[in-house]
Structure formats: structure tokens, C-alpha cells
1. Would you work out which of B:104, B:116, B:78 lies farthest towards the positive end of the dipole of the stretch B:28-127? Charges go on Cβ: Lys and Arg +1, Asp and Glu -1.
2. Just from its helices, what would the mean residue ellipticity at 222 nm be for the protein assembly as shown, if runs of 4 or more DSSP H residues each count -39500 (n - 2.57) and the sum is divided by every residue, rounded to the nearest 500 deg cm²/dmol?
3. Take every residue in peptide B:207-217, count the Cβ atoms of other chains within 10 Å of its Cβ, and give the average of those counts.
4. To make sure I understand, if each residue's beta carbon is the centre and we count other beta carbons within 10 Å, what order do B:334, C:154 fall in, fewest to most?
5. Report the residue, chosen from C:58, C:45, C:194, that carries the largest GNM mean-square fluctuation when chain C is represented by alpha-carbon nodes joined by springs under 10 Å.
6. At 7 angstrom along the Cα-to-beta-carbon line, where would the label on residue C:175 sit relative to the other copies? Give the distances in nm, shortest first.
7. Obtain the nm distance between the two label points defined at residue B:215 and residue A:340 by a simple spin-label model: each point lies 7 Å from its Cα along the Cα-to-C-beta direction.
8. Testing the spin-label approximation: label points 7 Å from Cα along Cα→Cβ at residue A:172 and residue C:162. State their distance in nm.
Amino acid sequence: MTDSPRVVRKLTGNFLEDFEPGQVFRHKGGKTVTEGLFTTFTEFAMTANPLSKNQRYARAHGFKGLLVPPGLSMLVAFSQTVEDVSENARANLEYIDMRFGAPVYVGDTIEVETKVIGVRPSSSRPNLGIVHVQSTARKNIGGIDESVVMTWQRKVQVYKHDDDAELHAGEIAPDDVECALWLPEYEPGRDYKALSHLSSPDSWFEDFEVGTLIEHSRGRTMTSEHIHLTAILDNTSQVHCNQTMIDLNPKQYVGGQLIIFGGIPFVLCLGLSSPDVGDNALGDIVYATGRHTAPLFAGDTVFAASEILGKRDLPGRPDLGIVSSRLFGHKFERDEGASHEDAPPGWKKTKIFELDRESAVKRRSHYA
Amino acid sequence: MTDSPRVVRKLTGNFLEDFEPGQVFRHKGGKTVTEGLFTTFTEFAMTANPLSKNQRYARAHGFKGLLVPPGLSMLVAFSQTVEDVSENARANLEYIDMRFGAPVYVGDTIEVETKVIGVRPSSSRPNLGIVHVQSTARKNIGGIDESVVMTWQRKVQVYKHDDDAELHAGEIAPDDVECALWLPEYEPGRDYKALSHLSSPDSWFEDFEVGTLIEHSRGRTMTSEHIHLTAILDNTSQVHCNQTMIDLNPKQYVGGQLIIFGGIPFVLCLGLSSPDVGDNALGDIVYATGRHTAPLFAGDTVFAASEILGKRDLPGRPDLGIVSSRLFGHKFERDEGASHEDAPPGWKKTKIFELDRESAVKRRSHYA
Amino acid sequence: MTDSPRVVRKLTGNFLEDFEPGQVFRHKGGKTVTEGLFTTFTEFAMTANPLSKNQRYARAHGFKGLLVPPGLSMLVAFSQTVEDVSENARANLEYIDMRFGAPVYVGDTIEVETKVIGVRPSSSRPNLGIVHVQSTARKNIGGIDESVVMTWQRKVQVYKHDDDAELHAGEIAPDDVECALWLPEYEPGRDYKALSHLSSPDSWFEDFEVGTLIEHSRGRTMTSEHIHLTAILDNTSQVHCNQTMIDLNPKQYVGGQLIIFGGIPFVLCLGLSSPDVGDNALGDIVYATGRHTAPLFAGDTVFAASEILGKRDLPGRPDLGIVSSRLFGHKFERDEGASHEDAPPGWKKTKIFELDRESAVKRRSHYA
């Protein structure tokens, strides 16, 4: 190294005092969905919906090609907002009104904007506060198929950089963003029945019973793969990938180890629920609210369950119906000597995730 | 969660008593081979054949593009059958008459059907029995290039769900499935020699000597990556990815840990053998029989060897010959204090895999 | 296995005595860059330059599509040379005059040739010596866009196979290989400014100050993923993927464990530096010299810093300037009880990598 250069260390991301209601971030990067990204994330989570696995099936339903599942659209869009919004966050508190619009295909390029709609200090901790943002993802900006892919709000707990800094506290109304799920036409002439063996036989609209809780039968153990998965999403938050940072100051970090990016259990729970509730959906309409209730670490095994909350018609689409469900994610932890009703002796069941969900589901009467 | 919903837990997969000779499964899902899947599996196994690595080389040989290697076709097709056939299996006992047909390229969609041709109880263990199935994979169903990609039989040891259930025991003849390896024409006008430096210099048909055992020089250590690899194949068997299930009942599971999906060492052994026996093959014709002889776990290192069993002409193709070989996979395990002829002191050599194989191999006389 | 077949074990790669100045290797395989490979490597390293992430951005700058970043071109091209040049190497000593030429896109096929330009024995160790080679990578040979992608020299420390073998010692002049960075035209009519929010706001040519050392803010922990990453590059060197080989003879191998392929920290350091120095570069022109100064193992966290050494105009391109920088990679290791100026108490900072670099960087005056 040459003699004593001047050392520069840029701060990345924003801190609590940097946010101001009304402020808009046009996020860096943008991301084109490649077949590599598509495969990695569609499949690691055991997504079963053939719309995202079988090109002939997707096309026969009126999609242009393999459909990027909502969980992957969310991962790509959400991750674009991390550097500006949550690189210096302690926790992501809540997902609100996450709505899906245009279908996303391999080759589409997604770019995201975020508007700050609320800033408030933490009542208990002076070095923390809550930032409320609204983000909107568009695809193929400037192209003939430019369209809104999804929009959502989230509340995130962010650190101050300077504990004595003044906050731009306040709250404004969210924008009214046009974003309704695009659905392919139902064409009576098409032989949909010839494809019906490719999806679950018992997850048609007619099969759902309000008031049932479906415990999905499979679990999936997460490994240190989460570091790689998070990096290829461009999620730059250091708590997911910088072990030395944690080793140098373990008390500051949950569990003294790398925490898995919340988007991972989010899509994993969607995937685990897929054979029972998602396999015959043409798409997810909205996630009204969602939250992470416990951290996930490498070595944990994720399980999921779905409670069926409601069913109703989808106006103008006799071939489809709307299923409202609540998706739960959980893991089991050792609890020597203890015994809990919902877990084997010596173990306890910990809820890690919850998501309220509305899906547009095919009717057996029209498709099978 | 709302007040006491009715809890539903679907059983996935079939149990011994569910199988009946003559029964046909049209498997769910189907799978389009993306470039992501292609890269992950073609290369993790160190496959060296340029037909699957170098597009200009593949096209110059008369293929439409990069060729999906037989091991990957097998992984994709086989995995489609797991939920119906072996999700509740204890072990996969044997591969029989696995034959390859049409070439598979990125973008092709593979769908699989399976016919049950035998069911019998285990002599020793009342809660187990053996199911014998015949599966056939087609690509691009309904398309102009619809064709049979591969067909195979396997015997699998499956658990009963109810120990007292009656079995549909019996055996029927397998179907006669048309499936012969497609080979591109040899065009004397083409300058094949200009490409010959891209493959091994000593694995032409003329180079093989019957009665030699080639110990392939490389080994490959498997990691917990196997969980991700298995998931992106849609192989849903829980013994490969659900550590909590095993921790709750370790005695029931081999080694009390996640076992690596047999398809992984299958392709890894093919890949390790590739520079010495596969590099100048235009394709594998048939795997007459194969079996896993010991489990593989994360941390194990896989080695391979090939015994050359025979050589013969390929009728109508003077440019090619058929090489018959037996592929062996093995690993080394510590065995303190012991000394074995085929392993260093304190170690023992364990055979994990065996496969009888016939390949269509290029002759130096025509290609180099 | 049949009765006592004749056992054959091929040696792979070359040993010190096999190399001779003037000798040329046309390497096997060749490699087509798939979207799977592109995603895996562009993103695991946290590369931030939108030219490699955002297709609309890349096209608006005059590239045909997503641009393969220099680090990935290097990994693909370099790995093609491993079997012939360094499969039996102890260490890669130095990268010299690594220059980039034509842009690489998904779908391009890269093939590599290497010429031996020097061989000399090790002064200290009779079983070792240094081989000096010059490699050149071309894309799409025989196609209308055939072109040189990159060229470089390296010095590598190689083992002898037979300690008493005679060496072909000597040194010849490197070839004069035509390889200058291709740059898209600057088109005054284009609205580049409309894209400027997609890259870093403070890494334009005007922003760099000679004599500053930028400590890049992020770190990335490597895991056993490196085995998979190295395999899919076709890097066959056993020290990266064969744990049993090391367990059988731990003293012979650095740290008695698998060592991470140097190409991995190479691209990781480039990626970590990307937001601060690479984000607004149209390309890297040359890496004059580079070396690995300490080994990297699974579990280590990689950090990077860039010293700005110089700035100058790029003749004929008023929209661009050349930034000379030195890229440093380092990791922190525990050093109980010790205290070092450049590390927290109980830790020491270890330099792992150093690379001299010249980049063609956009000027704010023309692009923002």
C-alpha cells in the first residue's frame, strides 16, 4: 500500500433520522429475472404449482411462459428496497396490503420505487424508531409491456446513526396505486381437463372448507445456503451474510449468529403450502398483512399450515373463486424436560411467520 | 388463530397397500428444463463431455444445442415419480432396463407416467413390501417434437400405512416401450477433427480394453448442498430434507441423519467417470441394472471406477461402437486400527453404487 | 466385479517436467455461458453494476444484453486452463497483464489456449518449480462474432511427478496478443440521465480522489458452497473439492482442509468493491498484476478495500476516464490476547488478495 492514503469509509443505507414522510427512493440496480434465478427460487421452496414448472401447462392456461411465482416476485422486488430502506434495520415488523398485478416472466426486468409514508420514534428505545414505507415494482419500464408487478407497504424498525439527531416524525396517506391481479381469459374451447392430472386433485375451489386448518405434511431444513440465496437477490443486509461482524459484537445480534433473510421463510412457507392450497391457484391477489414472529437460523426446519378463513365468488369469473387463508410457518426447538400440547415431549413449537392471503383458485367444474 | 379450527393433515404419497399391478400414475407437475437447472446439475457432477458444455461443439455434432446429459434426464424424470411411488419408501432397491431415447435440450418439458407391474410383501418385515414399477418420460407432449425421452423399471421397498391392510400382491409383464437412443447422422463432409482437441484424447472407442478397471482420478465431497439440489428436482422425499423429522425419531432413519438422494451419487459417479469413459460418447444407450449399496451422507467424498466389460460394433454406424462398462461408486470411511487391502491403514473402502452401462462411443478413425 | 481386471489409473494434468517453453495447450471442453452460470456468479459476489443486472440498462448503454462481468469471464476462462496447467500445482503465484477485449453475453461459448513461456526449478524445493504461461480466451470460434475475450499471463508453482526428472527450463517472450476493451459508442441523443439513479450516485469519474483508500463497507462469509461453485466452473483441482484426499494426508495440504479456489475471493473482492468503484464503469481494461497472499477457507468472511492510484483521460472518449486502483481483500482471524492497530483486540487482519486494476469509468458530466 502506498504511504498513508486518506481512508474513506462510506456508510451504506439510511438511518432513522434520514427518513422523511413524502420522500421517494428510486432504488438502484433493478433486476432482470434470469432462468438461473427463476430455478433457484421457484424450486428450492418446493413450489408445486405447474404454472411455474411446466411450460406447456402455463401456456395452455394463457400465460406467455413459465410464470414467476408471487413469492419470487416479492423476493426480487423487496430486495431492491433493502439498501435504501432496511440496510440499517433491526427488524422488519410488518407487511401490509401486498398486492400483485401483471404476470412476471423470465426475461422481465423489475425496478422499484419506495415512498416514505411514516416516521416515528420508538417509545422504549431512543436509538430506534419505526419507518413506514410504500413500495411499487414495475417491469420493463419504457417497453410496450411496462406494467405494475406489485405494490406493498411495510413497517421496519430502523437504528439511528446519531442518538441525538432530530427525527422527521410524521405520517402521510399512502398513494392509491393501481395494481390488480392480471388473469388470463377462460376459453371454453380449451381442453383444460386434459391437463388436470398435473396439479393436486383435491385443491380446487370446491374442495376448501372454511374453518379447517391444513397442516402441510412436509418440512424443509435450511442450511448455510441462505447466505448465497440472499446474496443473489441483491439483499445486502449484513446480518444475513457477515459472520465476522457478528463475532466481533455477538451481543448486538439475535442469537449471536447470522439470521436468515425473512424473505426465505416467506417463500418457503408459500412453497410448503403449495400442494394443498396453491396448486390450482392462477395467482395470489393480496397479502393483507404478514409478519415474522421469530428468527430463523441455519439448521432450523420450516413447517407450514394454512387456515381456510373464507371463500367467495370472483365477479365476472365463474371459473374461479377467491379463497382467503392464513398461512403459518413454524419450527420445532428442543425444550428438554418440558412437554407442550402441540409438540412432542422435550420439544416446543415456535411460530416464525404469519401471512393473510387471498388467492384466485380454479373451480373443478371448469378445469377438471 | 381463530377458535379451534378443524385440523386436517393430508397423507402424501402412497403406501404399500395402495399399489396394485396394472395401476397407472400420470404424475403431477411435469418439468421444463431451464438453463438454471441445466447448469446446476450438469456441472456440479464434473461432467466433462463437451456436448453438454460447449454449444458450438454440440451443434457441430448435429445436436440442436447443449445436450442434457443422461444423468440429468434421469434426475428430472425420476424425481417426478417420487411423490406417487416412493415418498413413503424405505429404500430404492434396483434400477432395471433404463433406456434413453430422444435428446433433451434446455426448454424441453418432461412429463412422466408410471405403471405398477408388481407388488409383494416382505418375507421378513410385515410392515414392508416391494413395489415394482415401469416409468416412461415424454417430452413436449402435444408438440411437433413430442417423443419418449427415457423409460425404466425400478423396485422400491415401501412401508405399509396400516400393518393389517390387505395387499394387492401380484406381478404382470412390463409394457414393451419403444425407446431407442436417437443419434445424429455422421456427415463425412464435416470437419469433426477440428473439434477433437475439446474432448479427452484417450477415450475413443479404439482406446478401450476389455478387462480393464479404470480408477477415475477425482473425488468430490458432498455437502449439505444436497438438500437444495434435491428440492430443485421436486424430489419431495422427507428423508432428504427434513432434519426435525429425523431428530424426533432418529432410530427409524439410517444413520440418524439426512440421507442424500440416490440420484445425486448416480450422476456424480457418471460425472467422475466422464473424462475417462464418457467424454467421447454421443450418448448412453441403456443402464441394464443398477443399485445403491450403501447410503451417502453430507461430508462423504465420492469416488468412481469403471470396468470395461465389452466392445462391439453399432450396426449401421461405422463411426461409432458400443462400449459396455460397469460403473462403481465408493467412499472411504475411517476404520481405526483396521487395515484393508483396498484402503489406507485405518480406513475402509465402501461401495455405494453400481451401474451396468452401454454407451455409443465415437471412433478416433472418424472423429479425430 | 469380474475376476481381477487390469487396474488402470490415469494421471490427470501435467507435472513440472511435462512443461516446455513454446508448448501450446488447446484446452478441452470450452464453455457456453448459460443464464444459470451467469446468475450464480454475477450475484453471489454482490456485483452491483447494473450492466450485469438490468437488461434495459445494459441495452440503453449499447450492449446487446446483460453483460458478463469481468470477474465471471475470468473465472470461466481461467478454469478451462486448470487441468492442463495447474491441476498438480501447489499454488498460483501471480496474475500478470490480464486484459479484457470483446464483451461476453449469455449464450457465448468460450474456448481457451495456453502457451508455456517459462519453466524454472525452485531454488529451495527440488520437487517444485515455477511455470509461466500465457492464456488467451476466444468466444464463438467460427462464428461471425468470433473475438478475443481476454488474455493473461500467470505464474504457478507446480509439483514434479518424478523428483529426478529433467526439466525443460527456459523462458521465451510472450506473444503480442491483440486484446483491447470493446466499449459501446456514446450517443449524445440518448437519455442516459434517465438511467443514472440505477447506479451509485458517488462513483462517477469526477468523484475519485487519487490517494484515498476506500474501505468497502460490506463483508461476505464463504461457506462450503465453494465446492459447488468451483465444480460448476469445471475447475477440477482436487484441493478444492476432495476432503478425503486431504484427510488421508493432512500435512501435505494448507490448513489440513479444502482451500477455496482463488478465483472465488478474486470475484468476491471485485463484487464487494463494486458499489464504490465499479458501479459506473463500462468495463475493466486491465489487471496489471495480482496475487493471493493468504488462503481462504469455508467460514472466513471476506472484506475489500480499494486504493485510488491515479486518474487520466481516455483518448477519444470525452465521456469516460480511466481510474487506476489497487484492490485489497482481507479477512479477520482470532488472535487471542494480541492487539493490532488495524484490528479489534484479540483479532488480526490478514490480507488475502491484491489486484492492480484499470477501469473505464463514466463521467457524471455525460451520464448523470
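Coordinate-derived values only; no laboratory data. Just so you know, these numbers come straight off a predicted model, no measurement behind them. Methodologically, a virtual Cβ is constructed for each residue, glycine included, from the backbone with ideal geometry; neighbour enumeration extends over all protein chains shown.
1. Final value for the positive-end residue is B:104.
2. Value at 222 nm, helices only, nearest 500: -4000 deg cm²/dmol.
3. The shielding value for this peptide is 4.
4. B:334, C:154
5. Highest fluctuation among the options: C:194.
6. For residue C:175, the inter-copy label distances come out at 5.5, 5.5 nm.
7. Label at residue B:215, label at residue A:340, 5.2 nm between them.
8. In this crude label model, residue A:172 to residue C:162 measures out at 8.1 nm.
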